[in-house]
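The values are calculated or read from the model by the stated rules, or taken from the named source; none is laboratory data. It should be emphasised that the depicted structure is a prediction, and the values quoted were computed from it without experimental measurement. Reconstructed Cβ throughout: ideal geometry from the backbone, glycine too, with neighbour counts over all protein chains shown.
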Amino acid sequence: MNERGAFGASLTGAAPEGRRATAAPYEGAAEPSGWQAVDPWLGLSARVILALVFIISGTLKAAAPAEEFALVIENYGLLTSRDLIMIAAAFLPWFEVVFGFALLFGFLTRAAAAAIGGMVLVFAAAISYTLLKDIRLPNCGCFGFGFHPTPSQELALNAAWAACAVQAFRQGARRLSLDNWCRAAD
């Protein structure tokens, strides 16, 4: 019987003439198990969840007039200049959207995860500041004007988003990412 199958593929596992044989991903090593097998998928899940949260929250805020979000920012009492408040209200939603899409597609994955993680820490610090100063916010401004979590709920959500950001940063561009695709093309 011929050692070549359809299309000239080797049935014995040998590399075709003129081509170098490559080892199977786990040939000669034990296949990953437990956390080693789950960890890359956990990183992808964290990346997608965090990206979608930031894309949706940024889009909801960007779709509304900047003056509405500026009122929310002003209620925090952290920025005193009306000009700075308007600049933050105009640009912050777009930063959320841009870094959210970068994270979703795995483009500059670690930089996007770090930027979103930094935003999450700033948001958590702002919420903590309002709790310490006993400032009553009518709306945290996190998801536009549609969803109004309490400050303690918002801190819990920020802890979850921070964990996702750490996992996305740690995993970097492994699965289903433009970074990984571009690196493979080199």
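For the stretch 91-138, the set of residues classified as surrounded by 15 or more Cβ atoms within 10 Å (Cβ to Cβ) and among the small types (Gly, Ala, Ser) consists of Gly100, Ala102, Gly106, Ala112, Ala113, Ala114, Ala115, Gly117, Ala124, Ala126, listed by residue number. Just one of the listed residues (Arg4, Arg20) is charged (D, E, K, R), loosely packed, with under 10 Cβ neighbours inside 10 Å and modelled with pLDDT under 85, namely Arg20. Screening Thr109, Thr80, Thr130 for residues that are touching a helix residue (DSSP H, G or I) at 6+ places or on another chain (Cβ under 8 Å) and farther than 22 Å from Ala165 by Cα leaves exactly one candidate, Thr130.
For the stretch 152-162, the count of residues that are farther than 18 Å from Thr59 by Cα, outside any helix (DSSP H, G or I) and of a type in the set (Gly, Ala, Ser) is zero. Residues in the stretch 106-136 that are in a helix (DSSP H, G or I), in contact (Cβ under 8 Å) with a residue 40 or more places away in the chain and over 16 Å from the mean Cα position of the chain (by Cα): Ala126, Tyr129, Thr130. Picking from residues in the stretch 80-90 that are without any contact (Cβ under 8 Å) to a residue 12 or more places away in the chain and of a type in the set (Val, Ile, Thr), the one that is surrounded by the most Cβ atoms within 10 Å (Cβ to Cβ) is Ile87.
Looking at the structure I just gave you, is Leu42 within 14 Å of Trp161 (Cα to Cα) and either in a helix (DSSP H, G or I) or among the β-branched types (Val, Ile, Thr) (or both)? Can you show your working first?
Details: within 14 Å of Trp161 (Cα to Cα): yes; either in a helix (DSSP H, G or I) or among the β-branched types (Val, Ile, Thr) (or both): yes.
So Leu42 fits the description; yes.
The single condition among (1) in contact with an Asp or Glu (Cβ under 8 Å, 6 or more places away or on another chain); (2) part of a loop (DSSP other than H, G, I, E, B) that Asn139 does not satisfy is (1). Checking the stated criteria, Leu103 turns out to be in a helix (DSSP H, G or I), under 26 Å from Ile49 (Cα atoms) and within 12 Å of the chain's Cα centre (by Cα).
Residues that are modelled with pLDDT of 75 or more, touching an Asp or Glu at 6+ places or on another chain (Cβ under 8 Å) and of a type outside the set (A, V, I, L, M) do occur in the stretch 162-185, at least one of them.
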